[in-house]
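For reference, the structure discussed in these notes is given below.
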Amino acid sequence: MESSDPGVHRALAAPARRVLLAALTEAAEPLDSRSLTALTGQHVTTVRHHLTALVEAGLVRVHRDESAAGRGRPRLLYTAVPAREQLAAYQELVEVLALGYGTDPGARSERAERAGRAWGAAARPQDEVPLVARVMAEAERWGFQPELRAGGTEVALHGCPFLRNAERHPEVVCGVHQGLLDALAERAGVPGALRLHPFAGPRVCTVSLVMPQD
């Protein structure tokens with residue numbers, strides 16, 4: 001798959017398509033459009049339209065279910081391409097988006113943090129889960145390999161999936177991650193308790209947890 005294809009950027013820029021891609025990535029078997037309609041809550045016609053765009057972008061593969069009995073055309077089954085190929089597409093998209101954040105580093109960082117905070121605020125709630133456990137779980141979901149350090153007051157983030165983007169545009173990529181952490185802390189009732197330290201070591205960032213004193 002050529003991740004520089006503008007069709008990839010257009011496909012991933014639509015939130016509804018990202019939802020469909022995520023559903024297919026997590027599925028244990030190929031799914032048809034009606035199954036995806038039930039999973040995502042989107043209208044079946046909309047689902048089919050978005051699936052066509054994802055297939056054309058090379059992010060989803062489609063084949064006919066020839067084993068289905070009965071009259072009519074065989075149903076179409078969809079599968080997501082392997083995660084490695086998806087990641088290449090997202091890395092390219094991040095690069096394109098970062099270039100559109102202006103030229104002033106401070107303004108770029110502020111815009112990125114706002115975007116990350118808005119994204120994090122829409123994430124699924126994790127009531128009654130300790131903040132450090134939330135950080136570990138979300139870091140895995142974001143594509144990192146988190147490691148708990150310093151007696152539970154620091155999380156090391158290994159294997160950044162957007163390392164090359166972050167090296168080129170740290171104020172954008174790291175700004176988004178700081179915004180996500182801000183949203184986590186705010187939802188936990190301890191705003192400002194999480195601070196990202198980009199490139200704290202070779203190919204690793206850290207997150208420090210500073211809980212308020214009673």
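A few points about this structure:
- Residues (open to solvent by 80 Å² or more (accessible area, probe 1.4 Å) and either modelled with pLDDT of 85 or more or of a type outside the set (Asp, Glu) (or both)) located in region 65-81: SER67, ALA69, ARG71, ARG73, ARG75
- Scanning region 23-39 for residues that are part of a helix (DSSP H, G or I) and over 11 Å from VAL60 (Cβ atoms) returns GLU26, SER33, ARG34, SER35, THR37, ALA38, LEU39.
- For region 126-146, the set of residues classified as aliphatic (A, V, I, L, M), closer than 17 Å to VAL210 by Cα and within 19 Å of the chain's Cα centre (by Cα) consists of ALA133, VAL135, MET136, listed by residue number.
- Any hit, region 46-64, residues being assigned to a loop (DSSP other than H, G, I, E, B), of a type in the set (A, V, I, L, M), surrounded by 14 or more Cβ atoms within 10 Å (Cβ to Cβ) and free of Cβ contacts under 8 Å to residues at least 60 places away in the same chain: yes
- Options GLY152, GLY179: the member that is touching a helix residue (DSSP H, G or I) at 6+ places or on another chain (Cβ under 6 Å), modelled with pLDDT of 90 or more and over 19 Å from ARG203 (Cβ atoms): GLY179
- Candidates ARG84, ARG61: the one that is at pLDDT below 85 and within 25 Å of TRP142 (Cα to Cα) is ARG84.
- Positions within region 13-35 being more than 28 Å from LEU97 (Cα to Cα), of a type in the set (A, V, I, L, M) and open to solvent by less than 90 Å² (accessible area, probe 1.4 Å), in sequence order: ALA27, LEU31
- Meets criteria (touching a residue at least 24 places away in the same chain (Cβ under 8 Å) and either of a type outside the set (Asp, Glu) or in contact with a Lys or Arg (Cβ under 7 Å, 6 or more places away or on another chain) (or both)) for ALA137: no
- If you go through region 171-214 and keep only what is touching a His at 6+ places or on another chain (Cβ under 8 Å) and among the aliphatic types (A, V, I, L, M), you end up with LEU196, VAL204, VAL207.
The values are calculated or read from the model by the stated rules, or taken from the named source; none is laboratory data. Predicted, not measured: the structure shown is a model, and the values here were computed from it. No Cβ is skipped: glycine too gets one built from the backbone with ideal geometry, and neighbour counts run over all protein chains shown. Heads up: the accessible areas ignore ligands, DNA and RNA and are worked out on the full protein's heavy atoms, side chains in. Shrake-Rupley method; radii C 1.70, N 1.55, O 1.52, S 1.80 Å.
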